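Participant: Take this structure, written in structure tokens, and hold onto it; I'll ask about it next.
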Amino acid sequence: SSYRREYQLKHIRNDLNYKLIRGNVDTRIKKLNEGLYDAIILAKAGIDSLNLKSQITQEFSIEEIIPSAGQGVIAVQCRNDDKDIKEILKKINDQETSICCVAERELLKTLEGDCNTAIGAISTIKQNLITLNVELFSKDGKKRYFIKDSKDLSSAKELGNEVGKLLKKKSKGSYK
């Protein structure tokens with residue numbers, strides 16, 4: 001049910017027909033087994049958690065299918081003035097994940113992206129560098145814009161902003 005994923009797949013295999021599918025994992029697998037679809041794409045984390053690994057026939061790398069920004073991140077929030085809870089949350093916060101989220105969220109903010117924007121973004125950290133891989137598609141999915149850029153860890157927010165501005169310029173707003 002993701003335009004981003006559909007457009008990414010069309011970029012890999014444009015000779016296939018694609019249909020959006022809705023429902024929980026069981027419903028989707030039932031539709032597959034009833035012959036309504038020849039194949040379905042599901043998140044591996046969900047398949048793993050339901051012990052359905054034997055159903056997987058192909059896995060895509062994050063280079064082939066760039067996930068949506070913040071994919072897999074667990075966020076916890078609290079009242080801004082609750083210092084005790086903030087101290088507890090600092091202890092469970094993963095600093096690298098937090099830095100990656102800053103870059104990816106700033107990218108979305110700069111692009112003014114929403115749940116209908118066909119964009120994939122993933123940040124990775126190696127040594128003291130954060131790298132942001134971003135793939136943006138035009139509203140109709142026919143045009144693909146890709147940027148990969150890196151900066152010092154302390155510049156994660158700036159990286160997201162700069163990549164967002166570059167994508168805006170390259171795409172001329174065709175993603176809205």
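The values are calculated or read from the model by the stated rules, or taken from the named source; none is laboratory data. Keep in mind that what you see is a predicted model, and the values were worked out from it rather than measured. Reconstructed Cβ throughout: ideal geometry from the backbone, glycine too, with neighbour counts over all protein chains shown. Accessible surface areas use protein heavy atoms only, side chains included; no ligands, DNA or RNA. Shrake-Rupley method; radii C 1.70, N 1.55, O 1.52, S 1.80 Å.
Participant: Quick one: SER123 ticks every box in (1) of a type in the set (S, T, N, Q); (2) open to solvent by 50 Å² or more (accessible area, probe 1.4 Å); (3) in contact with a Cys (Cβ under 9 Å, 6 or more places away or on another chain) bar one, so which box is it?
Facilitator: Exception for SER123: condition (2).
Participant: Please enumerate the residues belonging to region 117-131 that are more than 16 Å from ILE66 (Cα to Cα) and in contact (Cβ under 8 Å) with a residue 40 or more places away in the chain.
Facilitator: Result: no residue meets the conditions.
Participant: Does LYS151 satisfy the criteria of being surrounded by fewer than 15 Cβ atoms within 10 Å (Cβ to Cβ) and of a type in the set (Lys, Arg)?
Facilitator: Working: surrounded by fewer than 15 Cβ atoms within 10 Å (Cβ to Cβ): no; of a type in the set (Lys, Arg): yes.
Taking the combined requirement at face value, the residue does not satisfy it.
Participant: Related question: Go through the residues of region 99-108 one by one and say whether even a single one is without any contact (Cβ under 8 Å) to a residue 60 or more places away in the chain and either surrounded by fewer than 15 Cβ atoms within 10 Å (Cβ to Cβ) or assigned to a loop (DSSP other than H, G, I, E, B) (or both).
Facilitator: Checked against the condition, which is being without any contact (Cβ under 8 Å) to a residue 60 or more places away in the chain and either surrounded by fewer than 15 Cβ atoms within 10 Å (Cβ to Cβ) or assigned to a loop (DSSP other than H, G, I, E, B) (or both), region 99-108 yields no hits at all.
Participant: Let me ask something additional. Restricting to region 140-176, name every residue that is out of contact with any strand residue (DSSP E or B) (no Cβ under 8 Å at 6 or more places or on another chain), within 20 Å of PRO67 (Cβ to Cβ) and either among the acidic types (Asp, Glu) or in a loop (DSSP other than H, G, I, E, B) (or both).
Facilitator: Result: GLY141, single match.
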